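Written below as structure tokens is the structure these notes are about.
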Amino acid sequence: SPPVAVVTGGASGIGRATCARLHDDGFALAVLDLEPPPEEADLVLTVDVADDLEVGAAVDAVLARFGRIDVLVNNAGVTGGPAATVCHETPVADLDRVLATNVRGPFLCSRAVLPTMLARGAGHIITVASSAGIAAFPGRCAYTASKGAALMFAKSLALDYAAVGIRSNAVCPGFVRTPMTQWRLDDPELAAAVEANIPIGRVADPDDVADAISVLASGRMSYMTGHALVVDGGWTAR
Ligand code: KPC
């Protein structure tokens, strides 16, 4: 039977491109999202990744259908609303929502898939962090904090499960054209400010990040765990 990947936030943006790519790579796909998922999904679960009961039930459903989970892609993420900017202006509810999706989400999804990975002595958890987890993104305080946490969570998993055959790596995309970021790219001044920071000279497409996730999910580079794979067009190289 084909290898099985669970992709959170698979309905749009990087998650959607990842589903298309992993489908082409031969994975059976289970998508967890609040939104309707892409056509590549073999199993669709409407889930808030920050809800432990929903996540637990979804992972049970994946195992009932496929019998195993080879790869978890912790992709679901949010930036917060327009007011989630610098610290003193960020509504507390925005901080809570951003941390819930971007940190609690990967924690709960990993926590739910680890028992089956432990039972098989194999598995790979890939967490989509951000270049913002390495260098702060201006005016996105809660998001930046959440991605730093997501990156270190991925490293923590790597350390704690390396000896039992389970790997954990993070992908750190730079600025990617997705529904999450389109509002900024639609503003010529804000878009120019973003592009000025990208040595490669263009914003990434979701496929650029899906490519990196595909390579990690393939099982190649199997000695790599606890790594932050930066896919940012050189943004954080300076
Ligand atoms: C580098 C990165 O992760 C983008 S952070 C900004 C997202 S938004 O404010 O929605 O344009």
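A few points about this structure:
- Checking every one of the GluC sites (Glu not before Pro) in segment 1-87 against DSSP loop status and a limit of 16 other Cβ atoms within 10 Å picks out GLU39.
- Angle in degrees between helix 206-217 and the longest Cα principal axis of the chain, rounded to the nearest 10: 30
- Relative to the Cα centre, the charge distribution of the chain, modelled as +1 at Lys and Arg Cβ and -1 at Asp and Glu Cβ, gives a dipole magnitude of about 780 debye.
- Per-residue 3J(HN,Hα) values for segment 187-198, derived from phi via the Karplus relation 6.51 cos²θ - 1.76 cosθ + 1.60 with θ = phi - 60°, read 9, x, 5, 5, 5, 5, 5, 5, 5, 4, 8, 10 Hz in sequence order (x marks Gly and Pro).
- When the chain is described by a simple charge dipole with +1 on each Lys and Arg Cβ and -1 on each Asp and Glu Cβ, the residue from VAL113, THR18, ALA191 located farthest towards its positive end is VAL113.
- Solvent exposure of segment 109-160 amounts to 37 Å² per residue of accessible area, where only protein heavy atoms count and the probe is 1.4 Å.
- In sequence order, calculated HN-Hα J values of segment 119-133 (Karplus, 6.51, -1.76, 1.60; Hz; x Gly/Pro): 5, 8, x, 7, x, 9, 9, 10, 10, 7, 8, 5, 4, 5, x
- Computed extension gain for VAL92 through SER222, at 0.36 nm per residue and net of the alpha carbon distance, reaches 42.7 nm.
- Dipole of the chain, positive end: most advanced residue of ALA217, LEU53, ALA64 [Cβ charges, Cα centre]: ALA217
- Between the helical axis of 52-66 and the longest alpha-carbon principal axis of the chain there is an angle of about 50 degrees.
- Database remark: amide H of VAL230 closer than 5 angstrom to the amide H of CYS172 (H placed geometrically; neighbours at sequence offset of 5 or more, or on other chains; Pro and chain starts carry no H).
- Full-stretch length increase - GLU189, ALA122 - with 0.36 nm per residue and alpha-carbon distance subtracted: 19.4 nm
- Karplus (6.51, -1.76, 1.60) ³J(HN,Hα), θ = phi - 60°, over segment 176-183, in Hz, Gly and Pro reported as x: 10, 6, 9, x, 5, 9, 4, 4
- Efficiency of FRET from Cβ geometry, SER1 and LEU159, R₀ 30 Å, rounded to 0.05: 0.45
- The charge dipole of segment 14-58, taken about the Cα centre with unit charges on the Cβ atoms of Lys, Arg (+1) and Asp, Glu (-1), comes to about 140 debye, rounded to the nearest 20.
- Segment 137-178: C-alpha gyration tensor shape, a/c 1.5 cut-off, then a/b vs b/c: oblate
- Inter-probe distance in nm under a simple model that places probes 7 Å from Cα toward Cβ, at ASP25 and ALA136: 3.4
- Separation in nanometres of the label points that stand 7 Å from Cα toward Cβ, at LEU53 and ARG202: 4.7
- On Cα atoms only, tilt of 141-161 relative to the major axis of the chain in degrees: 30
- Per-pair calculated FRET efficiency, R0 = 22 Å: VAL215 and ARG238 via Cβ, rounded to 0.05: 0.35
The values are calculated or read from the model by the stated rules, or taken from the named source; none is laboratory data. These numbers were taken from a predicted model, which means no experiment stands behind them. Because the Cβ atoms are built from the backbone with ideal geometry, glycine has one as well, and the counts that use them run over all protein chains shown. The protein model used for the area step is the full one, side chains on, heavy atoms only, and it has no ligands, DNA or RNA in it. Shrake-Rupley method; radii C 1.70, N 1.55, O 1.52, S 1.80 Å.
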